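*Asks:* Have a look at this one.
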Amino acid sequence: MCQYPRGVSRGGRRGRCAHCPVGEPDVIRRTVVLSVVAVLTLGTVPAAVASPGGTSDSVPSTVEPVAVSPAAEPEPVLSLGDGPGRELYIVQLEGDAVPSYTGGVKGLAPVQTQGRSFSPEAAREEAYRDHLVDEQADVRRDIADVTGRTTTVTFSYTDALNGFALPLTREEAREVAGLDGVVAVQVQQERQPQTDVGPEWIGAPGIWDGTATPSGAGTKGEGVVIGVLDTGINAANPAFAATVPGAAGGDDYVVQNPRGRFYGACDPTSAVYRPGWGCTDKLIGAWDFAPGDDTGSNGVGYGYDDTGHGTHTASTAAGNQVRATVSMAGAGTTPETVERVVKGVAPHANVIAYDVCSGGCPEAAIVAGIDQAIADGVDVINYSIGGDTPSAAWTDPDATGLLNARAAGIHVAASAGNGGPGPGTMGSPGDVPWLTSVASTSHNRAWRAEVEQITADGGATRPDIDGLSFSGATDGAFPLVDAGDIGSNRCLAEALVGVDLTGTIVVCETGITGRTVKGSVVKALGAEGMILMNGSNLGSSLNADAHALPAVHITHADGLALEMWMDAVAGERASISAGEEHLGADVADVLAASSGRGPNRAVDIVSPSLSAPGVDVLAGDGTANQVRWGFRSGTSMASPHVAGSLALLAASHPDWTPAEAQSALMTTASTGVRNADGSAADWFGMGSGRVDLTRAADAGLVLDETEGDYLGANPAGGGDVTELNLASMADSDCRGTCTWTRTVTATETGAGSWTAQGTGATDGIKVTITPASFTLAPGATQQLTITADVAGAPTDDHLLGTVTLTPGAGSAAPAAHLPVAARPATGFWAGGSVAIRTRRDTGSHVSAPIAAAAAGVQVEASRLVPASTQALTIPQDTTNSNPYDANGRQVIAVPVAAGATRLVAEVAATTAQDVDLYVGTGPTPSAATEVASSVSSGAAERIDLPLGASDAGPWWILVQNRTASAPGGATGSTSSTPWSRARPGTSAPSARPPTRSGPRGTSGRSVPAGRGTARWPSAPGRRADLSAWSP
């Protein structure tokens, strides 16, 4: 998903997306009425393709492709080996191979007559073959000239391709790639028949060929229309052509327009019709609601993609099967290239694109897109867009619009957000009950690389360090430089101005700017390579980015160990290997650290709904109607996997409602997802599990829900979300026991007997179901009562369990599972509420007798303290990627007294568009002393830190004005934000906020407190009110 993530993080700002600029000079902006949400991927491109004015971590993790247009002149394809010596390379030349030759060489007729199956005339065939042999001999002589030696050809090819195989070194291969007539130089690889792996990993081929459908009839989404609300689309990409021939990696299928008409820019009767825009029977419509796309500052043209994000999501959900070529930056000037066949999950479905984003995604444009999608009657919507604060589920315009979409029978997949890894980081509107929200996991492909040849003076060595990268190798070993020793551990451009890194490999840390932006920075300073180590918040979660130079991404632990070793030795050197593709289940189903997690802060449901591949996904990319391909990561990439899955279910089960299809995906999902550290993921991380299309279409039981019930569940009207008929159960206030009722309906595979069993996944919970067994006819329903007993269990943490429904022997239906999450409450008021009025923060009150709900109740009381408020006037930060450069910030010193239990800081009101908040220890603010940060795309920032006995002493609070909307600030005020807690040195957002008095957005709050308080004097001239306290 593309959003501005928020939450506590140690070590700075998390990565933003292509529309969320980081590090570029900010401009004064006018206040606008529109509420803006931003689109999100984690990857970035090198700064060379960033927008003018600076680097941008919004720029996606794209790779430079070979142009697909027949009129374009492509660069030679180059794929280099790893070894220092000679390896076998395949050299391809201009000119058709024999079977495909249709003329063009003077004096040589086509080898076959047009319009017949391949049946070459022998004389013509032999004449052309002789011509190729002569041409190849000329090129081999040129190779001998540039290599200075006579080369021995291992194989010559005239029919499979026009070329030959011969041994070359890496440098010789580069020279050969520059020769006239050479179109490709590729080191030989062990290959097997394959495609890009996302659809296959989630089991889509089972529905494609019918082996995983009840009827046995296969479908690739024929007749289903997917609406993609995003940043536009590049219509020229062959992923959206009416057909892709086999010669281009396609399946030769001719997509039909199931509507017999076109929409928006493709409709000749429409006011927005654009002749020649690029419509096909595959891409049957496009609308542009984003301001400025057509004639404004972006200028990419009506409906075309201004970042590549929309093209990526659309082709992931429904792109044609097609061959994609992507580039891998290596040590030389000519990039190596990789070619793969890619396809969407529903590759024969149709697409209508709704451009609702331009820089950001204004809510008015979003709602217009939803409105149009409903009017167009799309079958599925992919919504890889969101915000970082919890939804107001029944009032937020996009959430409401998408509820109406579900009422219209439209399936909606939405990203879970990229605010992880802490709890309570689900994005909006993926946190509402009527959307299928999707977390991000890895698939079964990884591009592995290593830090190699690690040595130092005196013969010191270290073992190789494993990592990930989609880039080439360095040409040997080079001196290592720790970026922290030269002024910026995160390799920020403004902190490294004038630094000469020529001939070195630089160790950088994640944070503040995007991963590939850091590589572009050090490359511009002369570096040969980069070792990118995770910050502590990302741990072991890695990405294979397309960097601007040889690079490798390693874990936080490995990075710390390397830095410690470098501090202890001298003359340290290393090399970086090229990224090598690895396919295997051992790298699959790993939950991305950045993926948004529950508990849900908006409503009491288990979120996310599901998980799907969203790490290093290869799909269409590019801007302004270019044909490009790129790797991207994020829940934005996971969501279209589920949108495509819903399209396949819509084709195979047109009678299923969106709620029923969602429940089929959830109850049959694979629960084998794990965290990056190898531990099992829980319901709040993976949802019900990773989508599994080998089982979903055969689901024997489904759960339905109506629009009326969704509306009736609104707590503002006395409703109860826990009563919705969802395929999971949650209760964050479970008092001893909590109970849910669910109604299941038998499908054609679900007729027969079933048994029900409850299990606890964590200690302290017992789950029971009645009835324990039942029998259903097709279409019949059964009401189930599920009870969770958490009596006597610890508080403050959700306890997790599972309901498993197992069909009788011989059934074609798979077993179904439903997640359970119950958070124990310590007790309750037997007589209702107790009202207390007080004028001071001390005193007492005697209530009527209160009976404890259970024996052994422990009551802890603490006094209330007032918040101290500091009014600040802060100029806009002109170097906003670095909060510690004394530009555009103010710092407040906070002495924390012994015995203080919490330190809370909050921006209570502000006139600026984007204010960020940092808290740390000691007298001097720095990245090294930072403990927590709240860095959303707006100004609603809050940090809540529990304190211990060792935390007494000086602390600091830093407020940064990232973006003003007028000189000195713009009008506006904040509202409540996600609550985050972190002890010094940790990052652990809390799922439950502390008690507060006063309305949201006010200052001077009081909170439950312990001993002691920290205050500072206020100042006149209010521009940003900072409310903070340390009880």
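Taken together, the values in this text are just the output of simple stated rules run on the coordinates, not laboratory data. What you see is a predicted model; the values in this text were computed from it and never measured. Counting neighbours? That spans all protein chains shown, and the Cβs are built from the backbone with ideal geometry, glycine included.
*Asks:* Calculate the spin-label point distance for Asp567 paired with Ala780, positioning each point 7 Å from the Cα along the beta-carbon direction, and give it in nanometres.
*Replies:* Simple spin-label model gives 7.0 nm for this pair.
*Asks:* Can you sort Phe631, Phe478 so the residue with the fewest Cβ neighbours within 10 Å comes first?
*Replies:* Least crowded to most crowded, the residues run Phe478, Phe631.
*Asks:* Taking the alpha-carbon distance from Lys282 and a cut-off under 26 Å, which lysines remain once sequence neighbours fewer than 8 residues away in the same chain are dropped?
*Replies:* In chain and number order, the partners are Lys220, Lys343.
*Asks:* Could you run the Karplus curve 6.51 cos²θ - 1.76 cosθ + 1.60 with θ = phi - 60° over the range 719-729 and give me ³J(HN,Hα) per residue in whole Hz, x for Gly and Pro?
*Replies:* My calculation for the range 719-729 gives x, 9, 4, 5, 8, 5, 7, 9, 8, 7, 9 Hz in order.
*Asks:* To continue, here is another question. So for Trp565, Trp208, fewest C-beta neighbours within 10 Å to most, what's the order?
*Replies:* Trp565, Trp208
*Asks:* Say R0 is 30 Å: what FRET efficiency, to the nearest 0.05, do Asp281 and Ala624 get from their beta-carbon distance?
*Replies:* 0.80
*Asks:* For Thr795 and Thr502, compute 0.36 nm times the residue count separating them, minus their Cα-Cα distance, and round to one decimal in nm.
*Replies:* Stretched fully, the Thr795-Thr502 segment lengthens by 99.9 nm.
*Asks:* Per Stokes-Einstein, at 4 °C and 1.567 mPa s, what whole-number D in µm² s⁻¹ belongs to the range 446-581, with the Kirkwood radius over Cα pairs as the hydrodynamic radius?
*Replies:* 91
*Asks:* Pop the C-beta distance of Asp586 and Glu87 into the FRET formula with R0 = 25 Å and round what comes out to the nearest 0.05.
*Replies:* Result of the calculation: an efficiency of 0.40.
*Asks:* In nm, give the distance between the simple-model label positions of Ala242 and Thr743, each being 7 Å from the Cα along the Cα-to-Cβ direction.
*Replies:* 4.7
*Asks:* Another one. For the range 775-819, list residues with backbone N below 12 Å from a point placed 7 Å from the Cα of Ser753 toward its Cβ?
*Replies:* Correct set: 775-776, 807-811.
*Asks:* What are the lysines whose alpha-carbon lies under 18 Å from the alpha-carbon of Lys766, with same-chain residues fewer than 8 places away excluded?
*Replies:* Filter leaves no residues.
*Asks:* Related question: Return a whole-number percent for the relative contact order of the range 446-581, with Cα pairs under 8 Å and 6 or more residues apart as the contact set.
*Replies:* Once divided by the residue count of the range 446-581, the mean separation gives 38 percent.
*Asks:* Using the Kirkwood radius over C-alpha pairs as Rh, can you work out the diffusion coefficient of the range 335-440 via Stokes-Einstein at 25 °C, viscosity 0.890 mPa s, in µm² per second?
*Replies:* 163
*Asks:* Ok, one more. Given an 8 Å cut-off on Cα distances and at least 6 residues of separation, report the relative contact order of the range 565-630 as a percent.
*Replies:* 15
*Asks:* Separate question: By count of other Cβ within 10 Å, fewest leading, how are Val342, Val272 ordered?
*Replies:* Going from least to most buried by this count: Val272, Val342.
*Asks:* Now, a different point. Compute the length gained on full extension between Tyr253 and Val153: take 0.36 nm times their separation in residues and subtract their Cα-Cα distance, giving the result in nm to one decimal.
*Replies:* 32.1 nm
*Asks:* I've got another one for you. Given R₀ = 56 Å, what would the calculated FRET efficiency be for Leu711 paired with Ala217, taking r from the Cβ atoms and rounding to 0.05?
*Replies:* Working from the Cβ atoms, E equals 0.95.
*Asks:* Defining a contact as two alpha carbons under 8 Å apart and six or more residues distant in sequence, what relative contact order in percent does the range 190-283 show?
*Replies:* Worked out over the range 190-283, it gives 19 percent.
*Asks:* Please give, to one decimal in nm, the separation of the simple spin-label points placed at Arg735 and Asn887, each 7 Å out from Cα toward the Cβ.
*Replies:* 5.6
*Asks:* Explain nothing, just compute: Karplus ³J(HN,Hα) = 6.51 cos²θ - 1.76 cosθ + 1.60, θ = phi - 60°, for every residue of the range 778-790 in order, whole Hz, x for Gly and Pro.
*Replies:* Going residue by residue, I get x, x, 7, 10, 9, 8, 10, 10, 10, 10, 10, 9, 10 Hz, with x marking Gly and Pro.
*Asks:* Got a sec to turn the phi values of the range 525-531 into Karplus ³J(HN,Hα) couplings, 6.51 cos²θ - 1.76 cosθ + 1.60 with θ = phi - 60°, whole Hz, x for Gly and Pro?
*Replies:* 9, x, 5, 8, x, 9, 9
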